[in-house]
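Single-structure report; data block below.
The values are calculated or read from the model by the stated rules, or taken from the named source; none is laboratory data. Remember, predicted model here, so these are calculated numbers, not experimental data. With ideal geometry, Cβ positions are generated from the backbone for all residues, glycine too; neighbour counts draw on all protein chains shown. These accessible areas exclude ligands, DNA and RNA; they are computed on the full protein's heavy atoms, side chains included. Shrake-Rupley method; radii C 1.70, N 1.55, O 1.52, S 1.80 Å.
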Amino acid sequence: MTAPSTARSSATDRTSVEVRLEDLRRTYGTVHALDGLSITLAAGELVALLGPSGCGKTTALRILAGLDEPTSGRVVVGGRDLTAVPANKRDMGMVFQAYSLFPHLTSRANVEFGLKLRGVNAAKRRTRAMEMLELVGLAVHAERYANQLSGGQQQRVALARALAFQPSVLLLDEPLSALDAKVRAQLRDEIRRVQLEVGTTTLFVTHDQDEALAMADRVGVMNAGRLEQLDAPQVLYSAPRNTFVADFVGLMNRVPAEVVDGSVSVLGSRVPTLDGSIRTGRGLALIRPEQLVLTRGEGGGARVVSVSFQGPISRATVRTADGTDLVAQLSGSAAAGLAEGAPVSVAVDAAGLLVTAP
Ligand code: ADP
Ligand code: MG
């Protein structure tokens, strides 16, 4: 879908703002929902907060929106302290997981709704709503009722509605999690395209690592109300700072290893250690399935336990001579000759590995 130039010119006529969350704490009784969360989103940046259920993602987003108050800490948007400013004065567009459209209003009326609240006249509302529906590729369904749209279409309308009044900040709380896998993948690309086009600073909350890595400029991994690591997707994936991040972002094997002089001996290879690794001695190297290389033949002492076909790739579980089970990722052709019980050798192909205490 290509966006028409009308939408592009009017959607980008606002300058982006920097958003700062400063040492946010929020307690509910004895629960520390946020335990000192600090993040600065650059103007126009899309940051994804990624983490397991209950780690404080929604709390962070609600505090930024003004729907909840921090126990301490500040919210600063465009250099202005908004901590005490009520939600309806904060100029933020939001999209939630559940379909929040008015079911008996048309797509266009739903998008116009926020503009009406802000006193925009009927002619301008209509023009603006149509521009926004074009931007999300739904102008053809402008006069359909929301309850006649698919889940994915409804979320596009919700995005159009959130952006219609040109908010300074866009907040997305698991907007794709109620959709099926194929629609989810399409819509995440679509949301990213629209966000780049309008340039609105965006906080996106999700528990889905694929979504976060695919969409965000930077991903913040949260654990128990704190940020474990905030980095570009590639950095987060290739250089996780600790085991929580490594485990949460991608499946990991743990393999006995020995660190000497800043590099690790593991499965017959020597690989530099990543920051955060133990300094010396025996430990466990964290290795992703795609960092393992299988070669067929006796001599390696490992055997294939099972192979599972997953479309473009396959995953093989392999048992090493010392009884450790490892999961390796293979291309379709590499998996073709690997039957259960086949002898293999296993090697590592990685630029750096995190090694933890055993
Ligand atoms: P996430 O969105 O990452 O799943 P939340 O921010 O919703 O997590 O919740 C973080 C923690 O705060 C959880 O332990 C949750 O039970 C608790 N919590 C959130 N909102 C409330 C509330 N209104 N009252 C009491 N506890 C809450
Ligand atoms: Mg949540």
Could you state the number of Å between the C-alpha centres of segment 218-269 and segment 68-105?
33 Å
Beta bridge orientation in the chain: antiparallel %, DSSP, nearest 5:
75 percent
Taking placed amide H atoms and a strict 5 Å upper bound, the residues 5 or more places from VAL169 or on another chain that come that close are GLY93
With Cβ to Cβ distances under 12 Å as the rule, what net charge do the other residues near ARG319 carry (K, R +1; D, E -1)?
-2
Given a 1.4 angstrom probe, what's the average accessible area per residue across the chain, in square angstrom?
45 Å²
Give or take rounding to whole Å, what are the principal axis extents of the alpha carbon atoms in the chain, in descending order?
78, 46, 36
Counting only pairs 8 or more residues apart or on different chains, how many lysine pairs in the chain have their Cα atoms under 28 Å apart?
5
GNM top mover of GLU174, GLU190, GLU340 - the chain, alpha-carbon springs below 10 Å:
GLU340
Charge-dipole axis of the chain as Lys and Arg at +1 and Asp and Glu at -1 on Cβ define it, positive-most pick from GLN234, GLN310, GLY93:
GLY93
Summing +1 for each Lys or Arg and -1 for each Asp or Glu, what net charge is found among the other residues whose Cβ lies under 14 Å from the Cβ of GLN229?
-1
Considering only GLY152, GLY29, GLY268, give the residue with the highest GNM mean-square fluctuation for the chain, with springs between Cα atoms whenever their separation is below 10 Å.
GLY29
Local net charge near PRO70, Cβ-Cβ under 15 Å (Lys/Arg +1, Asp/Glu -1):
+2
Kindly provide log₁₀ I(q)/I(0) values, in the same order as q = 0.12, 0.16, 0.22 Å⁻¹, from the Debye equation applied to equal alpha-carbon scatterers of segment 251-356.
-0.39, -0.66, -1.09
